[in-house]
């Protein structure tokens, strides 16, 4: 009954072409495309080996895919699913972030302890910056001045000045930082620590630690509560945090830093993406090979969608 | 003067961006031992076992240290078979309080008991002996290699979960075989499994010719059982047992399904990255002793990173505290047991081609952490040397 109510509401709001969630399947070398109206997989597209990070260009005419084991970033036409060309990404690209200039990709090279900057127009590497061991999380400030790389084994957030492409600060976080995002109009940096089990909030101006958020899922040992990907709502008031093998997503108040809710999802939840109106949230569940659809307002899981093996990244194509 | 040099070196290393300051010299001390001959020469033990793991951990530490002005160095000292490791240890302790030791249990104790070693931090990366984690523990000796008991508990959790309730055991005659067999018996009792028959492998025939003839008869006498355990830590005869048993039964222990501190088939939890970094460095797969040495130097690095000091008393206090956690690519944070200095860690159960399971298995609960269902828990350990 709940679903019946939901679907007509979505249909009314939907644009002519239905919005989609694109999910990379790490161990199937494919992308599963989910139709947001029907909540079904409507296309499966082949990629290079071990696709993980995925992001669209600003006008959504291109999709960039980290094909980690092919050591390349693939550029795909989302209409046809054809690979247009590869970008020189450095070895083992895992995650990346597209600069607000829509042109420079900052790529974490997990096996190389390097962040590579690629110009997507000239298709050339314009800089490589030495960072810690196993760089992974990537974020860019809204004004485009700072890029963050987090390194999993070095346990740091590296603050990179995008003008000079040099590291201007290194801040320690808890063990195995996985993901980073700017928030509060760019005045805060949030970093998740998988093994540490925490989210650290930094004040961007001073790079000082402002808050540390801990989680407690009933019936799950704290060791298994492992924050990885997270996303903010449009108003930046609420953040949804994937807690890995605890199989829950936490709902955190971004103002008070308090955890308000835990939502049960699939197994080893990794990353997530919102629908265009942010009413639905789609989480990739690595071990169970599915995507959980969360009703954001009700904070409830409403559906599981089977995708490929070991889904990892997720991106919205409106 | 020394500090000034370090300061300058720190400045050069960190390109002027990081504060200079902490010097962390580590010595890897290996006592080489002659290995008894084995029936097959298929799997030689690499000469750099352990040492390459320490080198990888060093590289990890140096990268982090480069951002913080912490300078890590590693020197390797090798004592040939028959040589006396104690003078070498004394020399090493004159240079640094941080030693990674690859030596038999008796040598570890001789080093730990040196007057120069009091207040030092010694890592045992080679001996699985239960006594070192119990009555023979030392305040200055931490263990990153899992004990025999941790491995045997991991296997018994699996046997119990599969309802393989009746066990048989074939044990070799070397001290390592006897110690592992002892641990298997204790774990069987701990998890309520019945060991119905035991035999000792004391043949001196060449089983490459005779396995198909000898092993069925040899195992026929074991009677009925669900799982056949092998205690053959030198990998002498065990490889000829699977598929040659009288009854068609799975084999586990030193062969077949092996509980191991580390194995090349571990790939989850980011382990694939550690494996590939190790392969790039050493040109071979990472073995349990490599992992133990890596974990030792990384634990030290983690403590220095978080405390910003190389004072051994402060490092030791941090390592044994609740604040310490090592991201060890096994899916959950690793930490040291404050009652005996053992690194608590999950134990993969592996075949040559895959990880079949990882202990602790779901459902084995513990009031502190499920990891403490593996190995000696606080009430079981007779260790009193640690606080």
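Applying the selection to region A:214-230, what residues are outside any loop (DSSP other than H, G, I, E, B), within 13 Å of another protein chain (Cβ to nearest Cβ) and over 20 Å from residue B:371 (Cβ atoms)? Within region A:214-230, none qualify.
Only residues that are more than 11 Å from chain B (Cβ to nearest Cβ) and in contact with a strand residue (DSSP E or B) (Cβ under 8 Å, 6 or more places away or on another chain) were counted in region A:174-197, giving 11.
If only residues of region A:126-161 that are in a loop (DSSP other than H, G, I, E, B) and under 17 Å from residue A:205 (Cβ atoms) are counted, the one that is farthest from the other protein chains (Cβ to nearest Cβ) is A:142. Show the residue pairs meeting these rules: Cβ distance below 6 Å; 6+ apart or different chains; first residue within region B:39-50 and at positive phi; second residue assigned to a loop (DSSP other than H, G, I, E, B). Short answer, once both residue conditions are applied: B:50/B:125.
The criterion of at least 1 residues that are over 29 Å from residue A:119 (Cβ atoms) is met by the following strands (runs of 3 or more DSSP E) wholly inside region A:165-213: A:166-172, A:188-193, A:198-203. Here the strands (runs of 3 or more DSSP E) wholly within region A:69-116 that include at least 2 residues being within 14 Å of chain B (Cβ to nearest Cβ) are A:93-98, A:104-109. Taken residue by residue, region B:69-86 has at least one member that is part of a helix (DSSP H, G or I), free of Cβ contacts under 8 Å to residues at least 60 places away in the same chain and surrounded by fewer than 21 Cβ atoms within 10 Å (Cβ to Cβ). For region B:218-244, a residue qualifies if it is touching a strand residue (DSSP E or B) at 6+ places or on another chain (Cβ under 6 Å) and either surrounded by 23 or more Cβ atoms within 10 Å (Cβ to Cβ) or closer than 14 Å to residue B:178 by Cα (or both), and the qualifying residues are B:227, B:228, B:229, B:230, B:231, B:238, B:241.
Of the residues B:334, B:376, B:361, B:343, the single one that is on the phi < 0 side of the Ramachandran plot and within 10 Å of chain A (Cβ to nearest Cβ) is B:334. Restricting B:184, B:155, B:169 to those that are touching a strand residue (DSSP E or B) at 6+ places or on another chain (Cβ under 7 Å), closer than 22 Å to residue B:288 by Cβ, in a strand (DSSP E or B) and touching a residue at least 60 places away in the same chain (Cβ under 8 Å) reduces the list to B:169.
Among the residues of region B:47-61, those that are part of a loop (DSSP other than H, G, I, E, B) and either within 16 Å of the chain's Cα centre (by Cα) or at pLDDT 95 or above (or both) comprise B:48, B:49, B:50. Remark: residue A:211 falls outside the filter, which requires a residue to be more than 28 Å from residue B:70 (Cα to Cα) and in contact (Cβ under 8 Å) with a residue 40 or more places away in the chain. For region A:162-173, the set of residues classified as within 9 Å of chain B (Cβ to nearest Cβ) and closer than 23 Å to residue A:242 by Cα consists of A:172 only. So for region A:6-20 (the condition being on the phi > 0 side of the Ramachandran plot, surrounded by fewer than 22 Cβ atoms within 10 Å (Cβ to Cβ) and modelled with pLDDT of 90 or more), does at least one residue qualify? Looking through region A:6-20, none of the residues is on the phi > 0 side of the Ramachandran plot, surrounded by fewer than 22 Cβ atoms within 10 Å (Cβ to Cβ) and modelled with pLDDT of 90 or more.
Just one residue in the set B:106, B:120 is closer than 21 Å to residue B:292 by Cβ and surrounded by 15 or more Cβ atoms within 10 Å (Cβ to Cβ); that residue is B:120. Within the set B:44, B:25, the sole residue that is surrounded by fewer than 16 Cβ atoms within 10 Å (Cβ to Cβ), more than 14 Å from every other protein chain (Cβ to nearest Cβ) and out of contact with any helix residue (DSSP H, G or I) (no Cβ under 7 Å at 6 or more places or on another chain) turns out to be B:44.
Consider region A:106-161 and keep the residues that are more than 23 Å from residue A:50 (Cα to Cα) and in contact with a helix residue (DSSP H, G or I) (Cβ under 9 Å, 6 or more places away or on another chain). The one that is surrounded by the fewest Cβ atoms within 10 Å (Cβ to Cβ) is A:130.
Scanning region B:87-120 for residues that are more than 28 Å from residue B:148 (Cβ to Cβ) and outside any helix (DSSP H, G or I) yields B:96, B:97, B:119. Is it the case that residue B:296 is assigned to a helix (DSSP H, G or I), under 15 Å from the mean Cα position of the chain (by Cα) and more than 14 Å from chain A (Cβ to nearest Cβ)? Considered against the rule, which asks whether it is assigned to a helix (DSSP H, G or I), under 15 Å from the mean Cα position of the chain (by Cα) and more than 14 Å from chain A (Cβ to nearest Cβ), residue B:296 comes out as yes.
For the residues A:249, A:217, the requirement of being crowded, with 17+ Cβ neighbours inside 10 Å, in contact with a strand residue (DSSP E or B) (Cβ under 8 Å, 6 or more places away or on another chain), in contact (Cβ under 8 Å) with a residue 12 or more places away in the chain and within 21 Å of residue A:314 (Cβ to Cβ) singles out A:249.
Picking from residues in region B:50-65 that are in contact with a strand residue (DSSP E or B) (Cβ under 8 Å, 6 or more places away or on another chain) and either more than 14 Å from chain A (Cβ to nearest Cβ) or closer than 14 Å to residue B:295 by Cβ (or both), the one that is surrounded by the most Cβ atoms within 10 Å (Cβ to Cβ) is B:54. Residues that are away from chain A (no Cβ under 14 Å) and not in a loop (DSSP other than H, G, I, E, B) within region B:301-317 comprise B:312, B:313, B:314, B:315, B:316, B:317, listed in sequence order.
With respect to the conditions (1) surrounded by fewer than 20 Cβ atoms within 10 Å (Cβ to Cβ); (2) farther than 24 Å from residue A:296 by Cα; (3) modelled with pLDDT of 95 or more, residue A:47 falls short on a single one, namely (1).
Checking the stated criteria, residue B:286 turns out not to satisfy the condition of being surrounded by fewer than 19 Cβ atoms within 10 Å (Cβ to Cβ) and on the phi < 0 side of the Ramachandran plot.
The values are calculated or read from the model by the stated rules, or taken from the named source; none is laboratory data. These figures come from a predicted structure and were not determined experimentally. So basically every Cβ, Gly included, is an ideal-geometry build from the backbone, and we count neighbours across all protein chains shown.
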